[in-house]
Amino acid sequence: MAAADNRSTEQLEVISACLTSMRDKNGGHSYNIEGDLQFHMAIAEATDNFLRVHIIKEIFDIARSQLNTALETITTLQGNIDTIYRQHSEIYQSIADKDRPGAGAAMRRHLQWVKSELNTFL
């Protein structure tokens, strides 16, 4: 994942803020689709790859209504919010550590898990 190689301190702070937005006032995990999508956009932007940013943005714009419904359903299932937060934390930490293989592997695991959950509802 190029974000681990190219991210700036400011970009890492944006990714961290998106992750923080998935915490509730009591320190537990919460979920909001905008925070989730912004997390992924912030990572795309940290790659410094204009084409990647454009493609991710277009995918989110096109699929937003379907994603909203599916993600709202997924996040109502017991434990899924914790799983999403844990996966995002692993991705963030790998990017923070500049661990490109770890970040790529963490992102692939996350996307495979999301795909598996989405296939349950679509």
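The values are calculated or read from the model by the stated rules, or taken from the named source; none is laboratory data. Note that the structure is a prediction, hence the values are computed from the model and not measured. Cβ placement follows ideal geometry from the backbone for every residue including glycine, while neighbour counts extend to all protein chains displayed. Surface accessibility is based on the protein's heavy atoms, side chains included, excluding ligands, DNA and RNA. Shrake-Rupley method; radii C 1.70, N 1.55, O 1.52, S 1.80 Å.
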> Dipole size in debye (nearest 20) for the stretch 25-122 around its Cα centre, Lys and Arg Cβ +1, Asp and Glu Cβ -1?
Replying inline: 180 debye
>> In whole percent, and with a 1.4 Å probe on the protein chains, what portion of the accessible area of the chain is carbon and sulfur?
In response: 54 percent
> So how much accessible area does residue 29 have, in Å² to the nearest 10, using a 1.4 Å probe?
Replying inline: 60 Å²
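Relative contact order (percent) for the chain, with alpha-carbon contacts under 8 angstrom and 6 or more residues of separation?
33 percent
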>> As I understand it, the dipole of the chain uses +1 on the Cβ of Lys and Arg and -1 on the Cβ of Asp and Glu, about the Cα centre. Which of 92, 113, 59 lies farthest toward its positive end?
In response: 113
> For the pair residue 23 and residue 93, how long in nm is the line joining their label points, each one 7 Å along Cα→Cβ?
Replying inline: 1.4 nm
>> Can I get the semi-axes of the chain's equivalent ellipsoid? Compute them from the C-alpha gyration tensor as square roots of 5 times the eigenvalues, in angstrom, largest first.
In response: 22, 17, 14
>> Can you give the local net charge around residue 11? Use residues other than it whose beta-carbon is closer than 9 angstrom to its beta-carbon, Lys and Arg +1, Asp and Glu -1.
In response: -3
> Can you give the accessible area per residue of the chain, in Å², using a 1.4 Å probe?
Replying inline: 57 Å²
>> Starting from the 7 Å offset along Cα-to-Cβ, what nm value, one decimal, do you get for the label separation of residue 100 and residue 119?
In response: 3.0 nm
> Which value in deg cm²/dmol, rounded to the nearest 500, describes the helix-derived mean residue ellipticity at 222 nm for the chain, given -39,500 (n - 2.57) per DSSP H run of n ≥ 4 and division by the residue count?
Replying inline: -26000 deg cm²/dmol
> With each pseudo-label sitting 7 Å past Cα toward Cβ, what's the residue 68-residue 5 distance in nm, one decimal?
Replying inline: 3.7 nm
